[in-house]
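First the structure, in the form of structure tokens, and then the observations on it.
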Amino acid sequence: MAPIISVQNLTKTYANGFEALKGINLTVEKGEILALLGPNGAGKTTLISIICGIANPSGGQVLVAGHDVVKDFRATRGMIGLVPQELTTDQFETVFNTVSFSRGLHGKKANPAHIEKVLRALSLWDKKDNMLRQLSGGMKRRVLIAKALSHEPDILFLDEPTAGVDVTLRKDMWNVVQELRASGVTIILTTHYIEEAEEIADRVGVINGGQLLLVEDKAALMAKLGRKQLILDLAEPLERLPDCFAGNGLTLEADGSRLTYDFDADNEQESIAALLTRLGENNIHFKDLSTRQSSLEDIFVALVGASK
Ligand SMILES: Nc1ncnc2c1ncn2[C@@H]1O[C@H](COP(=O)(O)OP(=O)(O)OP(=O)(O)O)[C@@H](O)[C@H]1O
Ligand SMILES: [Mg+2]
């Protein structure tokens, strides 16, 4: 099946000469959840804005369901819902009207039942007659999501949707996202909360300095780049590690009281058992043992650090 989004050699140089995107290639399959991670200024919002057709590329091409986002703006924009990073809403309009109006802007017939469903899912129904200026910051963000869902888009972009949002709402929001995904909607989100990407995404892309450092299946990425460590707190500090342990992933920490062992997740049982036996044979005893598995955050920090 052709990808629903295809980004080819995309570049963006802003009017002041700043090169925000330096040749991005990316394809997104229908129905997946892709998380884009990257530090401030990496180019995430720029990339999303171009795919949504609200900013022009300097070079390259973006196809959405086979349509060029520049030449065929109306066709592609109608398929897309965008929850922007910045809050920009008419303060004096009511929640219900704002969301209904947004549906109309995308050329869809009025459908109050759909608007009600969206507002209920985002716990906004009891605020439907409030003016936007009467809402809290987190509620305004929910209104942006409701607007993006008002016209039943095939593709939903969420540009840092959970910034400034409390834990309960974040959970509600991810439930909505999972339901949308189950109904076939493709979702692309950016977030600074890496644990969120870890929880919710199928694939993860890392952007830094206008370049896509990688895009990969989340589980494969964690298996490939994630490290597993066994940590042994020693009963007696060691001065040095016996030579027979050299080069097998075992390290003695600075003050000699802790050993860390980098091990391969595929055959962990056997190699750890063998190691512990061998340590015992060498009179090295430990008082505590723990394991540590690197998170997506560790991988992200390592990748972005290395690309600076
Ligand atoms: N209109 C503009 N003119 C010039 N430079 C811009 C403009 N908009 C963005 N930039 C620059 O492009 C780079 C990428 O910005 P962008 O907003 O895409 O980053 P981001 O990854 O979304 O960051 P954040 O995590 O802070 O939202 C930044 O260095 C920014 O200063
Ligand atoms: Mg941004």
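Which whole-number value in Å³ per residue fits the convex hull of the alpha carbons of the range 159-306?
Measuring per residue, one finds 166 Å³ for the Cα hull of the range 159-306.
Rounded to two decimals, what ratio of Rg to Rh does the range 5-223 give with C-alpha atoms and a Kirkwood Rh?
Rounded to two decimals, Rg over Rh is 0.96.
On average, how much area does the Cα convex hull of the range 227-294 cover when viewed from any direction, in nm²?
4.4 nm²
Ordered by residue, what ³J(HN,Hα) values in Hz, to whole numbers, does the range 21-38 give under the Karplus form 6.51 cos²θ - 1.76 cosθ + 1.60, where θ = phi - 60° and Gly and Pro are x?
Working through the residues one at a time gives 10, 10, x, 9, 10, 7, 10, 10, 8, 4, x, 9, 10, 10, 9, 9, 10, x Hz.
How large is log10 I(q)/I(0) at q = 0.13, 0.18, 0.19, 0.22 Å⁻¹ when the Debye formula is applied to the Cα atoms of the range 27-149, each weighted equally and without solvent?
For the range 27-149, the Cα-only Debye profile gives -0.62, -1.07, -1.14, -1.29.
Applying the Karplus parametrisation 6.51 cos²θ - 1.76 cosθ + 1.60 with θ = phi - 60° to the phi angles of the range 95-108, what ³J(HN,Hα) value in whole Hz is obtained for each residue in order, glycine and proline being reported as x?
Per residue, the Karplus-derived 3J(HN,Hα) values read 4, 4, 5, 4, 6, 5, 4, 4, 4, x, 4, 8, x, 9 Hz.
Ignoring everything except DSSP H segments at least 4 long, calculate the 222 nm mean residue ellipticity for the chain; use -39,500 (n - 2.57) per segment, divide by total residues, nearest 500.
Per the formula, -10000 deg cm²/dmol.
Tell me, how many Å apart are the Cα centres for the range 112-159 and for the range 36-96?
18 Å
For the cross-link pairs Lys12/Lys44; Lys44/Lys117; Lys224/Lys287; Lys109/Lys147, which exceed 21 Å when the distance is taken from alpha carbon to alpha carbon?
Where the Cα-Cα span goes over 21 Å, the pairs concerned are Lys44/Lys117; Lys224/Lys287.
Which of the pairs Lys22/Lys218; Lys22/Lys171; Lys30/Lys127 have their Cα atoms more than 30 Å apart in this structure?
Over 30 Å Cα-Cα: Lys22/Lys171; Lys30/Lys127.
No value in this document is a laboratory result; all are computed from the given coordinates. Worth saying up front: this structure is predicted, and the values here are computed from it rather than measured.
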